[in-house]
1. Which residues does a label at B:Arg208 reach in the range B:42-57, if reach means a backbone N under 12 Å from a point 7 Å past the Cα toward the Cβ?
2. Quickly rank A:185-198, B:3-16 as a protection proxy: mean count of other C-beta atoms within 10 Å, highest first.
3. May I ask for the distance between the Cα centers of the range B:90-129 and the range B:156-173, given as a whole number of Å?
4. Computed FRET efficiency, Cβ-Cβ of A:Arg198 and A:Phe131, R0 51 Å: what is it to the nearest 0.05?
5. Taking K and R as +1 and D and E as -1, what net charge do the other residues with C-beta under 15 Å from the C-beta of B:Asp156 add up to?
6. Using Cα springs under 10 Å in a Gaussian network model of chain B, which residue among B:Thr44, B:Thr97, B:Thr260 shows the largest mean-square fluctuation?
7. What shape does chain B take by its C-alpha gyration tensor, where a ≥ b ≥ c are the square roots of the eigenvalues and a/c under 1.5 counts as rounded, a/b above b/c as prolate, and the rest as oblate?
8. For a footprinting-style exposure proxy, rank A:Val161, A:Val413, A:Val420 by other Cβ within 10 Å, fewest first.
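What follows draws every value from the coordinates through simple rules; no lab data is involved. None of the values given here were measured: they were computed from a predicted structure. Glycine also receives a Cβ, built like all others from the backbone with ideal geometry; neighbour counts cover every protein chain displayed.
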Amino acid sequence: MTDDRTGVRGPADGAAPDGTAPDGAAPDGTAPDGAAPDGTAPGGDTPDGAAPGGAVPRGAAGLPAARTPAATAPGAPVPGAPAPDGRTAAPTPPAPRDPHAPRASRGGVSAFGSLSKVMVVAFLRDRSALFFVVLFPLMFLVLFGTLFKSASSPHAKVAQVGPVAVVDSLKGPARDDLDKVFTVTRMPDEAEALRKVRKGDLDALIEQDGSGTVVLRFSAADQVRAGAVQGVVNALVQQANQDASGRPPAYRLRSAQVEDESIKAIQFFTPGLLGWAIATGAVFSAALTLVSWRKKRLLRRLRLAPVSAGAIVASRVGVSLLTGLVQTAIFISVATLPFFGLRLTGHWWLAVPLVVCGIIAFMSIGLVVGAVAKTEEAANGMAQSIVLPMSFLSGSFFSMDDAPSWLKGISEVLPLRHLVTSVQSVLTRGGGFGDALPTMGGLLLFAAVLTGIAWRLFSWEDA
Amino acid sequence: MTAAIAAEGIRKRYGDIQAVDGVSLTVESGEFYGILGPNGAGKTTTLEILEGIREADEGRVELLGESPWPRNPRLLPRIGVQFQASAFFERLTARETIRTFASLYGVGAGTADTMLDRVGLAGFGSVRAEKLSGGQAQRLSIACALVHDPELVFLDEPTTGLDPQARRNLWDLLRGINAEGRTVVLTTHYLDEAEILCDRVSVMDHGRILRTGAPAALVRELDDKVRVSVESGVVGADALREALAAAGAGDVTVEDDGTTLSASTRTPAPVLSALAERNALRGLEVRGATLEDVFLHLTGREYRA
Ligand SMILES: Nc1ncnc2c1ncn2[C@@H]1O[C@H](COP(=O)(O)OP(=O)(O)OP(=O)(O)O)[C@@H](O)[C@H]1O
Ligand SMILES: [Mg+2]
């Protein structure tokens, strides 16, 4: 035992209402096995402050040390009445009082610190939690980001058989524009090319017959692409006719795709999947900590330690915030990789306070689940059946724009919906405080209400 | 001087079960106090009410001069509690567990490690708490209850599941703690343990305290017969009975089961001298009443819930 033992008594003595000094009744190795080497063991309590050294408990109780050594196994040490005289010896001076106050407050901080540490360690050692909270959502981001990367610009593959003047004549920028819409591959065999179009390997076949007619044969399997290719080829033919006429065109059309200016798949998926990931982490961490600590009687044990409920809650919230912010950082880093190409706009950092408020709101859901559920399995099921539907309805996985209005109405009351919308706005659409602050306020209000409900349903132990 | 614990008429009911039915007890400061009783007697419930984690339906409890209910933060650093079933954090090693509990009380890691050593778990510091054997977990749980140097220690069946070595080492530890002036209250099913450790015991059943006193006093009070036994074959049962009757030895029951000749009596002297005269003392055993006899006498022999 080391010097910090003196610190041990700090909170205790500070907390003693009557300020009784420990009487230091067992100053040195009075234990039969000499197992208490230091002199700081508190003696029997003497609240009335009487006879600091004279607290001879056994004597006071009027009880002879009635022991029956015969019942002990041979070889087991049987100390008799344990050195009663040792106990009365050398009272230590009462510990100075003033240093106690600051120590008591340090106790609160250290409880917060050590409980936080416990949760971080438990989380890091829980492989499946790590996977589901951190890796799993990230996999979705990578998967969706990759799958839908090209979906925004339908790129067609066209086979060219023989010379086609309108295509062959294109040079420089005009040719680049064409390549953006479709790739032209030259193929010698018409029958083979046709077969590929039928199978869907190619989108269209282009050739020119002797009369100068450009023939485009396409499959209707992908009508969008077929339409796009038809439109482009038609435009090319018109252009060529116009050029052949030698007159400047009277009208011109310039078209631009809106998606390029506004929303790419990654811009939609990053906030959506991030919201889902954060909701999952926060709801589960709060619910499962509560249930498993209650079931393991840890809550009960902590209630017997000088630890405030505030320190327990604060450490849980702190650790969940930490995990959530790490998730956010990973998400944004991955999404902004050139491969996925997320471009952040002006006040994107407002996503951080938004995520913080979101985590607090989702933890309050977890608290309600944890207060109601009796077992980890029940908590798991309840949490999942809240988080998943909420994520779907909040547009985490696909846009709710086309949803029926009653579904949109439901989604309006979900905290995740507002978090996703606001994060999307500040992250990728140049939104600012006006988008973030109302949502943050709403999330915190939601958290306050649900925490209140959880508190009413909460119990420290199974009945 | 205030008693460490003073309880007066505590009652607790769970539905139809009256778990604690008017328990009053006083534990002096520095005393080693035992609560004995069959399963379901209400020991754990009584302890929980004393500790202040369960509210009594009726009655008054004072712990170190203060009321433990509702949760009294001034008392918490002064008491140490070990639950009947251990309560550890998930995925922490034994050392991390005790250090965590220590830090909740503002106690340093060094003290925590020393305590781990004291319960013989120094070599298991890096084993996950949930992977410890039953007895090791029990010891860790006790170490966690003692790490902050409490004045008053509650132990609910601390030696259940321990092997004989661990049990005796723990006895030494508990005696040491008690010798330092700490008050210890424990429940146990092991009567020998109560007899060896406790200054006073209360025998409890059906939520009531049936008898309280020093173990030796309770045994004496029972005034039970002494059983004298020797190897059979040297003296016949009938011969001994006759000899004793001739000597006017009074109420003696003599039996011979083929291996052991035994005589039960309240006055063993004539039996012993009769056996000695016949040189029939081989394998002599004299067994007086123990706390176990007191216990069985008070609580009966039927199974309990
Ligand atoms: N939380 C509870 N809810 C309902 N009944 C309970 C509860 N706790 C204890 N009981 C009942 O109260 C009675 C006393 O239980 P208690 O745990 O105090 O007994 P015990 O003496 O500690 O028994 P054991 O030796 O088996 O530990 C038992 O009949 C038990 O079933
Ligand atoms: Mg019990």
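1. none
2. Highest to lowest by the protection proxy: B:3-16, A:185-198.
3. For the range B:90-129 versus the range B:156-173, the Cα centre distance is 19 Å.
4. Details: r = 44 Å, r/R0 = 0.87.
Efficiency computed from Cβ-Cβ geometry: 0.70.
5. On the way: positive: A:Arg297, A:Arg300, A:Arg301, B:Lys43, B:Arg54, B:Arg139; negative: A:Glu461, B:Glu48, B:Glu51, B:Glu157, B:Glu193.
Local net charge: +1.
6. B:Thr260
7. Numbers: a/c = 2.74, a/b = 1.83, b/c = 1.49.
In terms of gyration-tensor shape, prolate.
8. Working: A:Val161 20, A:Val413 10, A:Val420 30.
The order, fewest Cβ neighbours first, is A:Val413, A:Val161, A:Val420.
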